[in-house]
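The values are calculated or read from the model by the stated rules, or taken from the named source; none is laboratory data. These figures come from a predicted structure and were not determined experimentally. Every residue, glycine as well, gets a Cβ built from its backbone with ideal geometry; the counts of neighbours run over all protein chains shown.
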Amino acid sequence: MSGLHMFSRWICKTTYRLTHSEKYRHNKNLWPYFKVEREPLGAIKNVFFKKEKLNTIEVNRNERTKPLLIMASGPSVNEISTTFFDDYFDYMGVNGAGAMASIAFDWYVIIDRSFVINRIDLVREIVSRDELTLFCPCKCLESICSLIPWEAIRCKFKIIETVTDSTVHQFLGATYPIKKGDAHFFWHNGIGFSDDVNRVVFDCGTVTYPALQIACALGYKEIYLVGLDMNNFTAPRFYENQSDVQSTRLARDFNNIINAFITAQSYCERNNIQIVNVSPASAVNAFPKLAWSKVEKQSVLALASA
């Protein structure tokens with residue numbers, strides 16, 4: 001980044017801080033590069049970056065003909081035969097799952113800005129896929145648009161607004177506290193699960209939790225979780241080696257994450273949604289577990305009724 005460009009950004013951020021209250025300060029790196037248009041009830045409708053309109057979608061709950069496989073990044077992915085990843089599933093990737101280049105991901109979720117910055121080559125490949133929809137918050141979007149040429153961004157987007165510590169940080173809007181009485185939020189042991197991701201998604205320390213909310217909102221009734229190990233945080237992820245392991249806060253947030261998955265399972269049980277964790281050694285016990293060889297070509301709903 002040139003000195004002139006850095007100075008220009010500093011001027012923009014300083015101007016924003018001087019003209020907006022504390023509730024808007026989280027947008028200081030986004031203004032004046034972005035413009036957001038919203039629906040009457042507040043959901044994001046259109047997003048513009050430097051006057052260029054992003055290809056955005058609205059999430060609708062549809063009947064899905066295939067089960068969904070959500071691929072996380074745990075080392076156990078390397079233990080699964082590549083023949084398992086066939087067209088029996090729809091696919092949702094999170095973070096580094098795109099390193100599995102043979103998979104045609106329908107959906108993708110990234111909520112960590114540091115992942116975008118540290119793995120920009122992988123993110124560049126992800127956003128180049130015009131058949132893919134990327135769910136991400138505004139801070140990740142800002143890094144993507146700043147670090148990747150506009151003409152190289154061909155995916156569709158759904159910009160999500162996350163709830164962290166009971167607070168929503170709106171894209172170019174003010175922060176506000178979440179309302180626990182909202183009918184679109186399910187609560188269990190004080191942890192929220194959203195069934196309206198056009199409005200907000202709860203972030204509880206791991207990208208797989210927002211991914212589950214998105215999967216349910218899309219209408220999937222059968223969901224497989226792959227690579228959700230949560231039991232060896234110093235080991236390389238399936239796409240890493242010992243020399244390029246990224247740091248993680250999963251160990252620090254472990255108890256909250258485990259409780260969040262219990263909330264997800266409680267929501268899914270009430271809504272006839274079946275989840276299977278395809279990592280038998282996983283530390284996440286909220287969902288039924290099966291080895292990949294046992295679930296291949298089988299229906300989760302059939303397994304549940306067996």
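Tabulated results
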{"read-out": "Matching residues, the stretch 154-202, being under 18 Å from the mean Cα position of the chain (by Cα), closer than 25 Å to residue 98 by Cα and not hydroxyl-bearing (Ser, Thr, Tyr)", "value": "155, 156, 157, 158, 159, 160, 161, 197, 198, 200, 201, 202"}
{"read-out": "Matching residues in the stretch 91-117 - criterion: being buried (at least 20 other Cβ atoms within 10 Å of the Cβ) and either small (Gly, Ala, Ser) or part of a strand (DSSP E or B) (or both)", "value": "91, 92, 93, 94, 96, 97, 98, 107, 108, 109"}
{"read-out": "Residue 239 aromatic (Phe, Trp, Tyr), over 27 Å from residue 31 (Cα atoms) and either within 13 Å of the chain's Cα centre (by Cα) or modelled with pLDDT under 90 (or both)", "value": "yes"}
{"read-out": "Candidate set from the stretch 201-254 (those that are within 19 Å of residue 277 (Cα to Cα) and among the polar types (S, T, N, Q)); member that is surrounded by the fewest Cβ atoms within 10 Å (Cβ to Cβ)", "value": "232"}
{"read-out": "The stretch 177-224, residues that are outside any loop (DSSP other than H, G, I, E, B), in contact (Cβ under 8 Å) with a residue 60 or more places away in the chain and either over 21 Å from residue 62 (Cβ atoms) or in contact with a His (Cβ under 7 Å, 6 or more places away or on another chain) (or both)", "value": "187, 188, 191, 192, 208"}
{"read-out": "Yes/no for residue 79 being at pLDDT 90 or above, of a type outside the set (Val, Ile, Thr) and in contact with a helix residue (DSSP H, G or I) (Cβ under 9 Å, 6 or more places away or on another chain)", "value": "yes"}
{"read-out": "Yes/no for residue 171 being touching a residue at least 60 places away in the same chain (Cβ under 8 Å), farther than 17 Å from residue 261 by Cα and outside any loop (DSSP other than H, G, I, E, B)", "value": "no"}
{"read-out": "Qualifying residue in the stretch 165-180 (condition: surrounded by fewer than 17 Cβ atoms within 10 Å (Cβ to Cβ) and touching an Asp or Glu at 6+ places or on another chain (Cβ under 7 Å))", "value": "no"}
